[in-house]
Amino acid sequence: MVQSNSSDLDVAVCEVGLRDGLQMFNTPFPTAEKLAWIQAERAAGVREIEVTSFVPPKLVPQFVDAREVVQGALDTPGLTVVALVPNLKGAERAIELGVHRLNYVMSVSRTHNLKNVRREREESLADFKRIADLIRTLPEDRRPSLLGGLSSALGCGYEGRVPVADVRHWAMAYAEAGADEIMIADTVGYADPVHVKEAFRAVMADVGSLPVSAHFHDTRGLGLANAAAALECGVRRFDASLAGLGGCQFVPAATGNIVMDDLCFMLDAMGMRTGVDLEKLVAVREIVARNLPGTPLYGALARAGLPVNYRTPAAAA
């Protein structure tokens, strides 16, 4: 059941705007338009999209259509469908629908975890273990992959800098509990490239062959620099958001994710194959613009366009 990234890619990118971005908006984004966004971005070459969250709709009404969005996304050929699951109940709903990858998030920062999911970190880990145990009871062809996300791993809007030792501790706890992948997230855009290298190298040494991916926000303008630093460490899967949508409801100063279009351009210019058609990807922004009028849409590539006579390095080789 789980779809894997093809060997023809050097770096995998996952669109998170439909979840991490839209959770910030009270105005409903129509289900049909969400599906249009998913289909257009897949047509542009993005192979993995986090399409929704299985949080209770009363908490985030934007995701009241989670079932319909997942069902439509699963009908999109070649797409790995990801959903955020906050707890065992959410995981059960996602598994029932056939989601390919479950994204479970807990915060390394105790304060942020209490505000975000109203639980101690130990309680969050125990719930993660229950999800991992549930997955192991399923037939192999029905098992989604389970991503253990470490939110506020590189800094917290309440506690400040998060010790690397804490990141290592909770990453290993995830690994021992049955995670298929560890995601290190700079949820409030606190990190810098030196900090990123320290944390990622330590965690990657601890967890060995277990994949480690990255999720950066651009609050202080260092998002792409941090992504480049993680790339140097060997990270080959990144979250990003079209037009830089996103943020954190519980930290007012936190801004959006790194811009998907700019991330793909940076990787492309470095000769890294993402499978993404840059011009088609930028065009998808029109769907976001017409449904979120007046919302700032970020991105240097969309503003300036491709350089004159630019050719994708992989194609030019």
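General remarks:
- Flag for VAL117 being under 21 Å from PHE200 (Cα atoms) and either β-branched (Val, Ile, Thr) or surrounded by fewer than 21 Cβ atoms within 10 Å (Cβ to Cβ) (or both): no
- Filter result (part of a helix (DSSP H, G or I), modelled with pLDDT of 95 or more and either closer than 18 Å to GLY256 by Cα or not small (Gly, Ala, Ser) (or both)) within region 297-317: ALA300, LEU301, ALA302, ARG303
- Tally of residues being assigned to a helix (DSSP H, G or I), open to solvent by less than 10 Å² (accessible area, probe 1.4 Å) and acidic (Asp, Glu) across region 10-39: 1
- Residue under evaluation ARG42, criteria (1) more than 16 Å from the chain's Cα centre (by Cα); (2) open to solvent by 30 Å² or more (accessible area, probe 1.4 Å), criterion not met: (1)
- Matching option when the condition is assigned to a loop (DSSP other than H, G, I, E, B), among the hydrophobic types (A, V, I, L, M, F, W, C) and buried (at least 17 other Cβ atoms within 10 Å of the Cβ), among ALA171, ALA179: ALA179
- Among the candidates LEU74, LEU84, the residue that is within 16 Å of the chain's Cα centre (by Cα) and either of a type outside the set (D, E, K, R) or open to solvent by 10 Å² or more (accessible area, probe 1.4 Å) (or both) is uniquely LEU84.
- Residue within region 253-266 that is more than 21 Å from LEU22 (Cβ to Cβ) and either crowded, with 21+ Cβ neighbours inside 10 Å or out of contact with any Asp or Glu (no Cβ under 7 Å at 6 or more places or on another chain) (or both) present: yes
- Within region 79-93, residues that are more than 14 Å from LEU125 (Cα to Cα) and at pLDDT 95 or above have Cβ atoms under 7 Å from residues that are of a type in the set (Gly, Ala, Ser) and surrounded by 21 or more Cβ atoms within 10 Å (Cβ to Cβ) in these pairs: LEU79/ALA73; VAL81/ALA73; ALA83/SER53; ALA83/ALA94; LEU84/SER53, counting only partners at least 6 apart in sequence or on another chain.
- Test: residue in region 187-208 that is at pLDDT 95 or above, surrounded by fewer than 20 Cβ atoms within 10 Å (Cβ to Cβ) and part of a loop (DSSP other than H, G, I, E, B): yes
- Some residue of region 287-296 being closer than 13 Å to GLU41 by Cβ, at pLDDT 95 or above and assigned to a helix (DSSP H, G or I): yes
The values are calculated or read from the model by the stated rules, or taken from the named source; none is laboratory data. Predicted model only: the values in this text are computed from it and were never measured. Because the Cβ atoms are built from the backbone with ideal geometry, glycine has one as well, and the counts that use them run over all protein chains shown. For the accessible areas, the whole protein counts, side chains as well, though only heavy atoms, and no ligand, DNA or RNA atoms are used. Shrake-Rupley method; radii C 1.70, N 1.55, O 1.52, S 1.80 Å.
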